[in-house]
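A short write-up of the structure that comes next.
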Amino acid sequence: MSGAPPTVTPVRGARDLRAFIALPFRLYRGDPLWVPPLIAERRSFLDPRHNPFFEHAEAALWLARRGGRVVGRISSHIDHRHNATHGERAGMFGFFECEDDREVAAVLLDRARSWCRDSGATCLRGPLSFSMNHECGLLIDGWDGPPVFMMAYNPPAYSALIEGCGLAKAMDLVTYTLRRSDVGGDPGRLPVELVRRAEAARRRAGVTIRRGDIRSFDEEIARGLEIFRAAWRDNWGFVPPTDREAREISRGLRRIVEPRLCTFAERDGTPIAFSMVVVDANQVLARLGGRLLPLGWLKALLYARRITGLRLLLFGVLAEHRGRGIEAALVLETLLATLAAGYETLELSWILEDNVPVRRLIEALGTPYGVRVHRRYRIYEMPIELAPRAP
């Protein structure tokens with residue numbers, strides 16, 4: 001803390017938005033683990049005219065300055081669809097970045113809390129940028145490498161800054177990583193118990209496991225998202241995407257989904273479970289510096305061929321079909337496909353800390369092969385005292 005006290009002002013106009021997007025590029029300069037986002041994509045994502053999130057939410061973006069210099073940023077938002085789904089009056093914060101300065105963190109979080117209080121919220125929760133369907137959580141453990149695609153990254157100091165402002169743990173998200181070297185690239189070394197349970201699921205009447213069909217990409221994604229909506233319905237913090245959001249998700253996934261690594265479980269021809277694997281596009285983004293022009297597109301084409309990592313992005317089994325070995329069958333097919341495709345790592349992310357059945361399956365079958373909790377992300381929360389109403 002030094003110099004004049006920091007001030008917080010709303011983002012107004014293109015110049016402020018550029019400063020909001022640009023701040024991490026300065027804060028993380030020289031950090032080999034940070035992956036710069038595409039500036040054009042961030043601009044579009046933050047624009048209510050382009051992001052369907054704003055059809056059911058309202059948000060404000062804020063910049064902290066000290067002596068005219070931008071030293072921090074934050075968003076505050078109310079997701080009305082979330083609150084209707086969960087019967088809450090929650091306010092959210094996201095896009096939190098600041099210098100290692102408790103005074104700056106305090107004024108940012110205070111502004112987010114005040115805005116949410118004035119909007120009728122009874123708690124402040126985050127970071128969510130903007131929701132559980134986007135980047136979420138603060139990295140609190142696992143700085144041994146860059147994040148995979150759509151996973152958050154921040155320096156270790158951020159947890160102390162946020163906790164020092166009175167926020168406490170609401171939920172942790174965990175990730176697991178399987179390395180090809182753990183099984184020597186040999187499917188025969190996969191866990192016997194996993195294979196046994198998968199085969200049992202296959203033998204059940206009417207149950208078949210199949211890979212995704214690239215010839216029907218849009219239809220396959222639509223089927224998967226319908227399972228996703230239903231299977232995640234009761235998960236903490238989950239908000240089912242609207243139809244327009246689902247279309248946007250599908251459009252974005254077209255660039256990164258590996259159809260041959262996506263798996264459906266079907267009964268009597270009806271999909272009942274689904275897993276989706278995407279390539280780790282961060283391995284390309286890390287080399288573009290936030291821009292596709294003038295030569296970024298050429299680098300993207302070049303480095304896309306060198307991607308070595310995958311992320312298991314979506315995994316869901318309809319509630320009435322759980323506990324019958326289908327989960328194990330999906331995991332097995334995903335692992336077999338990953339090994340056959342020659343990728344080096346597969347991150348299973350993220351998983352709610354309290355999702356005991358899935359975590360137990362992963363740990364019981366993967367522990368002998370080096371699979372452990374790899375990274376941990378935390379979503380924080382604090383109560384808000386509502387502002388008094390005018391007489």
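Structure values in brief
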{"read-out": "Sorted largest first, extent of the chain alpha carbons per principal axis (Å)", "value": "68, 52, 38"}
{"read-out": "Taking His134, His56 and counting other C-beta atoms within 10 Å, the order from fewest to most", "value": "His134, His56"}
{"read-out": "Residues Arg196 and Arg89, FRET efficiency given R0 of 51 Å [Cβ-Cβ distance, rounded to 0.05]", "value": "0.60"}
{"read-out": "Gyration tensor (alpha-carbon) shape descriptor, the stretch 253-391, a/c threshold 1.5", "value": "oblate"}
{"read-out": "Residue with peak Gaussian network fluctuation, the chain [Cα springs, cutoff 10 Å], from Thr338, Thr367, Thr177", "value": "Thr367"}
{"read-out": "Relative contact order of the chain, defined on C-alpha pairs under 8 angstrom at six or more residues apart (%)", "value": "22 percent"}
{"read-out": "Antiparallel content of DSSP bridges confined to the chain, in %, to 5", "value": "90 percent"}
{"read-out": "Dipole moment magnitude, nearest 20 debye, the chain about Cα centre, only Lys, Arg, Asp, Glu C-beta charged", "value": "780 debye"}
{"read-out": "Exposure proxy ranking, count of Cβ atoms within 10 Å, fewest first, for Lys299, Lys169", "value": "Lys169, Lys299"}
{"read-out": "Likely footprinting exposure, Cys116, Cys165, fewest C-beta neighbours within 10 Å first", "value": "Cys165, Cys116"}
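Read-outs throughout are calculated quantities, based only on the coordinates presented, and are distinct from any laboratory measurement. Computed from a predicted structure; not experimentally measured. Backbone-built Cβ (ideal geometry, glycine too); neighbour counts: all protein chains shown.
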